[in-house]
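First the structure, in the form of structure tokens, and then the observations on it.
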């Protein structure tokens with residue numbers, strides 16, 4: 001937020017736009033999302049359509065919740081694994097971001113992979129929950 | 001397998017996952033992984049990774065996070081209570097005046113928060129109990145609040161407009177500005193429906209506040225700063241939608257400070273809540289991008 005306000009002031013106040021503030025905000029957004037993903041998973045804050053599980057008897061609903069947590073763990077685990085592979089490939093090739101001030105692309109890709117992998121572990125933990 | 005069959009199967013699989021109660025982002029993520037594997041094979045993993053990388057670093061989506069933060073600061077600082085009192089005071093002695101108050105409040109809140117859920121929660125906590133205490137029809141009260149909360153995704157700043165714009169590659173600034181007139185028309189139609197639907201209307205009553213009209217209007221003026229720092233700067237061509245969201249946050253902080261509601265603990269709670277809400281929304285968008 002501060003970087004964007006700084007950019008507006010520099011551009012319209014001083015006629016001196018920066019090349020780095022927008023890029024820094026974009027990288028910060030990716031880091032923010034994937035650092036928050038494991039925590040929002042731990043707190044079960046994600047959006048879900050729960051019409052069907054709510055209509056089921058409690059015992060069945062628990063097994064449904066465990067099943068969907070397992071699906072989520074697999075999806076996040078596989079996504080994390082794929083993206084981690086991509087991060088290693090980027091590191092190996094020395095790929096940089098396509099920007100005015102490039103940074104190694106794997107820095108951000110590795111954070112994304114770690115976010116998904118950590119979320120997968122939280123979903124896996126939720127498969128043992130005794131409540132839906 | 002033909003394209004049509006694959007598409008039907010993909011949508012069927014997605015709906016099955018979503019209605020099973022799985023998290024929405026998981027449905028899209030799984031479908032994208034399966035889709036890439038079936039259609040391209042492991043060679044498509046790079047495409048999958050790039051799609052997530054490019055979306056997670058999209059300047060458009062920064063707007064969502066910042067608008068959420070702006071709304072959180074206004075709601076958590078309690079400055080919206082000032083708006084509630086002011087709008088309540090400005091609505092005159094009318095039959096069923098709390099219906100009018102809730103629609104007017106939703107219109108104003110819609111211009112300060114892009115989330116229908118936030119507005120519905122706010123009105124559900126503040127206006128609905130008041131309506132029930134005053135023997136308003138609960139069903140009509142809830143319907144009014146839910147219908148008028150739906151103004152938030154239409155009136156700018158709208159999170160929905162930004163998400164639709166980013167997925168469909170349409171001008172975000174254009175979409176935001178285009179919501180003003182339809183939003184006001186929708187507010188007018190909701191109001192007309194309440195009065196034309198028939199049914200018993202509660203008798204006219206006085207506002208809870210006894211402040212003068214001039215004082216009430218003066219109390220509302222700081223909120224124009226927030227609206228200007230978002231819409232004004234876009235219309236004047238000074239800021240992009242993302243930057244205007246950042247200036248909107250500054251506007252919200254100034255308004256909170258003007259009403260002496262700015263504190264570190266409020267700011268910490270607002271940021272923590274905004275990060276969670278933004279992450280939950282954005283992880284769905286970035287999981288769905290390749291599918292779109």
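Every number here is computed from the coordinates shown, using simple stated rules; none is lab data. Note that the structure is predicted; figures quoted are calculated from it, not measured. Glycine also receives a Cβ, built like all others from the backbone with ideal geometry; neighbour counts cover every protein chain displayed.
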- Tell me the Kirkwood hydrodynamic radius of segment A:21-113 in angstroms, computed as one over the mean inverse distance between distinct C-alpha pairs. 15.7
- Query: Extent of the protein assembly as shown along each principal axis, from alpha carbon coordinates, in Å, largest to smallest?
  - Reply: 70, 64, 43
- Message: Taking R0 as 56 Å, what FRET efficiency do you get between residue B:135 and residue A:98 from their Cβ-Cβ distance, rounded to the nearest 0.05?
- Response: 0.35
- Message: At 10 °C and a viscosity of 1.306 mPa s, what translational diffusion coefficient does Stokes-Einstein give for chain B, taking Rh as the Kirkwood radius over Cα pairs? Give it in µm²/s as a whole number.
- Response: 76
- Nearest 10 degrees, 0 to 90: helix B:138-149 Cα axis against chain B principal axis: 60
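Given 25 °C and 0.890 mPa s, compute D for segment B:139-292 with the Stokes-Einstein relation, Rh being the Kirkwood radius over Cα pairs; round to the nearest whole µm²/s. Walk me through the numbers before you get to the answer.
Numbers: Rh = 18.5 Å.
The estimated diffusion coefficient comes to 132 µm²/s.
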- Geometric extent, Cα atoms of segment B:5-143 - Rg, Dmax (angstrom): 22.4, 69
- How many angstrom separate the Cα center of segment A:71-114 from the Cα center of segment B:150-169? 29
- Largest first and to the nearest Å, give the Cα extent of segment B:34-105 along each principal axis. 68, 26, 16
- Query: Suppose R0 equals 60 Å; then what is the FRET efficiency for residue B:238 and residue A:127 from their Cβ-Cβ distance, rounded to the nearest 0.05?
  - Reply: 0.75
- Taking Cα atoms only, Rg over Rh for segment B:19-75 with Rh from the Kirkwood formula is 1.15
- Query: Where does segment B:55-95 land on Rg/Rh, using Cα atoms and the Kirkwood Rh?
  - Reply: 1.30
- If one takes the longest principal axis of the Cα atoms in chain A, at what angle in degrees, from 0 to 90 and to the nearest 10, does the Cα axis of helix A:21-42 lie? 10
- In vacuo Debye sum over C-alpha of segment A:57-106, base-10 log of normalised intensity I(q)/I(0) at q = 0.15, 0.22, 0.28 Å⁻¹, listed in q order, is -0.58, -0.79, -0.93
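Viscosity 1.567 mPa s, temperature 4 °C: Stokes-Einstein D of segment B:183-261 from its Kirkwood Cα radius, in µm² per second? Write down the numbers at each step before the final one.
On the way: Rh = 15.8 Å.
Answer from the Stokes-Einstein relation: 82 µm²/s.
From the Cα gyration tensor of segment B:1-45, with a ≥ b ≥ c the square roots of its eigenvalues, which class applies: rounded if a/c is under 1.5, or else prolate if a/b is larger than b/c, or else oblate? Spell out each step's value before the answer.
Values: a/c = 3.90, a/b = 1.34, b/c = 2.91.
Cα axes put segment B:1-45 in the oblate bin.
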- Query: Roughly what % of Cα-Cα distances in segment B:82-201 sit above 26 Å, to the whole percent?
  - Reply: 21
- Measure nothing fancy, just the Cα-based angle from helix B:241-258's long axis to the longest principal axis of chain B, in degrees from 0 to 90, nearest 10. 30
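So what's the convex hull volume per residue for the Cα atoms of segment A:72-132, in Å³? List each step's numbers first, then the result.
Numbers: hull volume 4.6 nm³, N = 61.
Normalising the Cα hull of segment A:72-132 by residue number yields 75 Å³.
Expressed as cubic angstrom per residue, what is the convex hull volume of the alpha carbon set of segment B:92-142? Don't jump to the answer; show the numbers that get you there.
Values: hull volume 3.6 nm³, N = 51.
Enclosed volume per residue, from the Cα hull, is 71 Å³.
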- How big is the Rg/Rh ratio for segment B:226-292, C-alpha atoms only, Rh by Kirkwood, two decimals? 1.09
- First measure r as the distance between the Cβ atoms of residue A:52 and residue A:91, then evaluate 1/(1 + (r/R0)^6) with R0 = 41 Å and state the FRET efficiency to the nearest 0.05. 0.45
